[in-house]
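Below is one structure, written out as structure tokens; comments come after it.
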Amino acid sequence: KDYRKVDEEFFEELEDILISADVGVNTVMQLIDELKDEARRRNISQAEDIQPVISEKLAEMLQKEEDESELNMQKNAMTVILFVGVNGVGKTTTIGKMAHKFREEGKKVVLAAGDTFRAGAIEQLEVWGERAGVDVVKQQAGSDPAAVMYDAVQSAKSKGADVLLCDTAGRLQNKVNLMNELEKVKRVISREIPDAPHEVLLVLDATTGQNAMSQAKTFSKSTDVSGIVLTKLDGTAKGGIVLAIRNELDIPVKFVGLGEGMDDLQQFQADQYVHGLFADVLHEAEEAAAERE
Amino acid sequence: MAFEGLAERLQGTLNKIRGKGKVSEADVKVMMREVRLALLEADVNFKVVKDFIARVKERAVGQEVLESLTPGQQVVKVVNEELTALMGGEQSKIATAQKPPTVVMMVGLQGAGKTTTTGKLANHLRKKHNRNPLMVAADIYRPAAIKQLETLGKQLNMPVFSMGDQVSPVEIARNAIAKAKEDHHDYVLIDTAGRLHIDEELMSELDDVKELAKPDEILLVIDAMTGQDAVNVAESFNERLGITGAVLTKLDGDTRGGAALSVRAVTGTPIKFAGMGEKTDALEPFHPERMASRILGM
Ligand SMILES: Nc1nc2c(ncn2[C@@H]2O[C@H](COP(=O)(O)OP(=O)(O)OP(=O)(O)O)[C@@H](O)[C@H]2O)c(=O)[nH]1
Ligand SMILES: Nc1nc2c(ncn2[C@@H]2O[C@H](COP(=O)(O)OP(=O)(O)OP(=O)(O)O)[C@@H](O)[C@H]2O)c(=O)[nH]1
Ligand SMILES: [K+]
Ligand SMILES: [Mg+2]
Ligand SMILES: [Mg+2]
């Protein structure tokens with residue numbers, strides 16, 4: 001067994017792990033300082049004793065209430081969910097997966113093809129609609145996304161849908177006119193259904209580095225983001241910036257994307273996620289231990 | 001802004017130093033810590049940063065800095081020079097085969113911008129180099145990927161070769177190259193499906209396409225917002241395929257784009273183009289020195 005000391009070297013290694021997971025250098029240094037204090041206070045000198053403290057601390061930082069990764073679903077009315085985010089993060093794919101999930105729960109789902117800009121975006125959503133077996137409301141490529149949303153709300157209402165999932169075109173947060181367009185899309189939905197959208201989900205690509213913070217800030221400002229979907233966690237990137245986002249902006253992660261298939265969407269679990277942050281290290285330690293035996 | 005620039009960051013350190021008559025090694029150490037932070041905040045990989053700082057430190061404790069009247073500025077200058085060198089000083093152009101057609105393969109993670117860049121590159125080759133490229137739809141997996149490239153082709157009024165999504169990418173590439181020869185296209189741009197660098201099955205599919213198509217250029221398309229993982233991605237694609245260059249997309253955003261440095265450092269291949277928007281004309285040759293300043297926020 002590896003009796004590792006909790007020393008400077010230990011904390012340096014921890015710092016590297018967290019930085020390489022994209023947690024962000026400021027948050028990492030704050031965390032390390034707190035952990036050092038904690039170790040001193042509790043008189044912890046063995047690595048195996050501090051490991052649970054670290055995990056607990058990170059998990060607490062990410063999830064403050066048990067049920068905060070639950071979606072805000074309406075009991076006796078239609079739930080409208082708006083998906084926003086920068087280009088190529090996985091908005092349309094997540095909508096496809098979520099449509100499938102709701103269908104399996106026996107809900108009636110409608111999709112709104114609000115990306116009228118990107119080549120093939122409408123067709124992509126239609127393929128997902130077919131896969132999940134749900135209707136897609138669309139207009140021609142190039143038409144006004146706010147008009148599509150208006151149509152979609154009316155159509156979903158008249159179909160008696162339980163859930164309306166609204167796709168939007170990817171946009172970089174520094175494009176002011178595109179962010180204004182998004183605000184307008186949201187406004188149109190709210191005008192038709194006063195408390196809608198019931199969720200505004202910001203889709204973040206786990207591969208993204210520190211820019212995700214700027215994405216979270218700007219999208220929150222224009223659309224009041226209620227939760228995050230962290231996609232592409234099936235790769236080697238960890239998306240650790242969600243820790244900093246939670247810390248600074250208090251936006252919870254609600255779902256994670258784990259692949260390109262229909263079933264590759266999971267509700268977020270903080271402890272599982274934190275375990276994943278250290279998975280490689282744990283794996284290495286286990287291998288080293290096995291080798292010694 | 002999410003990140004203050006390095007110059008700004010260094011200001012605090014500089015102010016402390018200014019009162020002193022001379023700059024010591026300890027002062028340089030403090031400054032190097034600031035540089036390290038700036039690079040990490042710009043998403044440069046932490047291992048790349050470590051090597052970089054070691055190299056810069058060596059120069060910074062030398063006479064050229066310590067005996068200068070403006071040591072702070074000197075450090076910034078050294079950092080900038082080293083960074084530009086690491087970025088790969090010269091601008092690098094796209095390959096042209098001895099015997100046409102020149103075959104270009106676009107590869108990378110999901111959503112990086114391969115398909116869009118394929119359209120942009122076709123447009124660039126036609127407009128700037130007077131070429132006649134054929135775009136090839138070899139992504140048989142992503143929903144409507146073929147339709148996406150065809151739509152771009154229609155917007156550009158340029159041909160797209162496709163065989164639907166029931167034929168293997170190798171077969172598509174074989175037929176596309178034959179077709180290009182027949183129709184006298186001088187470039188063949190193969191758009192492949194996004195894939196994870198750890199997906200053995202899909203990576204070996206790229207091996208097969210490479211084997212058949214014998215590309216003159218394999219471009220890794222990488223999102224400028226990519227974080228620390230950029231090195232893993234670049235390293236894996238490079239070890240597997242031997243990439244010849246990279247395209248950095250979405251640089252029209254407000255990211256610092258430290259991934260550029262990581263990609264360059266681990267593959268040693270140049271970044272050839274920068275994606276500057278979603279439209280088909282938003283592709284620019286990549287300028288290493290501008291990128292260095294951007295990473296530092298100057
Ligand atoms: N490996 C992996 N790939 C994913 C995941 N989610 C989405 N993708 C892939 O990422 C790429 C982009 O996904 P899209 O759903 O088109 O992303 P988007 O945000 O709608 O993109 P734009 O509309 O162009 O802004 C596609 O190839 C998806 O299959 C995930 O969780 N894991
Ligand atoms: N703002 C901006 N958006 C870009 C740029 N390049 C690509 N995009 C957008 O990024 C998203 C993904 O681009 P795609 O070309 O579909 O990416 P891909 O790598 O082909 O994706 P997959 O085939 O799913 O792996 C789209 O919304 C594009 O419009 C760029 O340079 N700037
Ligand atoms: K991406
Ligand atoms: Mg989309
Ligand atoms: Mg593509």
Listing of the stretch A:11-46 residues, each with accessible area lower by at least 20 Å² in the full protein assembly than in the chain alone (probe 1.4 Å): A:Glu15, A:Asp16, A:Ile19, A:Ser20, A:Asp22, A:Val25, A:Asn26, A:Met29
Chain A shape via C-alpha gyration tensor axes, a/c threshold 1.5: prolate
Number of partner chain Cβ atoms within 10 Å, mean per residue of A:90-103: 1
B:Glu211, A:Glu70, A:Glu15, A:Glu34, ranked by accessible area, largest first (probe 1.4 Å): B:Glu211, A:Glu70, A:Glu34, A:Glu15
The stretch B:40-79, accessible surface, carbon-and-sulfur percent (1.4 angstrom probe): 54
Summed side-chain charge close to B:Gly194 - residues other than B:Gly194 whose Cβ falls under 13 Å, Lys, Arg +1, Asp, Glu -1: -4
Shape of the protein assembly as shown, Cα gyration tensor, a/c cut at 1.5: oblate
Of the trypsin sites (Lys or Arg not before Pro) in the stretch A:38-68, those whose Cβ has at most 16 other Cβ within 10 Å and which sit in DSSP loop: A:Arg42, A:Lys64
Per-residue SASA entry for B:Met276, accessible area with 1.4 Å probe, Å² rounded to 10: 70
Neighbourhood charge, 9 Å Cβ-Cβ cut-off, centred on B:Ala282 and excluding it, Lys, Arg +1 and Asp, Glu -1: -2
Label-point separation, A:Asn247 to B:Asn157 (7 Å along Cα→Cβ), nm: 5.5
Accessible area of chain B divided out per residue, in Å², using a probe of 1.4 angstrom: 41
Total formal charge among the other residues, if their Cβ is under 14 angstrom from that of A:Met149, Lys/Arg +1 and Asp/Glu -1: -1
Accessible-area ranking of B:Val170, A:Val80, largest first, probe 1.4 Å: B:Val170, A:Val80
Out-of-range pairs (alpha-carbon distance over 30 Å; input A:Lys159/B:Lys120; A:Lys186/B:Lys147; A:Lys107/A:Lys254; B:Lys99/B:Lys154): A:Lys159/B:Lys120
Residues whose placed amide H lies under 5 Å from that of B:Thr102, excluding near-sequence neighbours: B:Ala97, B:Tyr187, B:Val188
Rg(Cα)/(2.2 N^0.38 Å) for chain B, N = residue count: 1.14
Between the stretch A:163-194 and the stretch A:41-83, the alpha-carbon center distance in angstrom: 28
Mean accessible surface per residue for chain A, computed with a 1.4 Å probe while every protein chain stays in place, in Å²: 44
Percent RCO, i.e. relative contact order, over the stretch B:202-298, from Cα pairs under 8 Å lying at least 6 residues apart: 26
Fraction of accessible area attributable to carbon and sulfur, chain A (%, probe 1.4 Å): 44
In degrees, nearest ten, helix B:200-213 long axis to first principal axis of chain B (Cα): 70
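The values are calculated or read from the model by the stated rules, or taken from the named source; none is laboratory data. Note that the structure is a prediction, hence the values are computed from the model and not measured. Neighbour counts are summed over all protein chains in view; Cβ atoms, including those assigned to glycine, are modelled from backbone coordinates with ideal geometry. The protein model used for the area step is the full one, side chains on, heavy atoms only, and it has no ligands, DNA or RNA in it. Shrake-Rupley method; radii C 1.70, N 1.55, O 1.52, S 1.80 Å.
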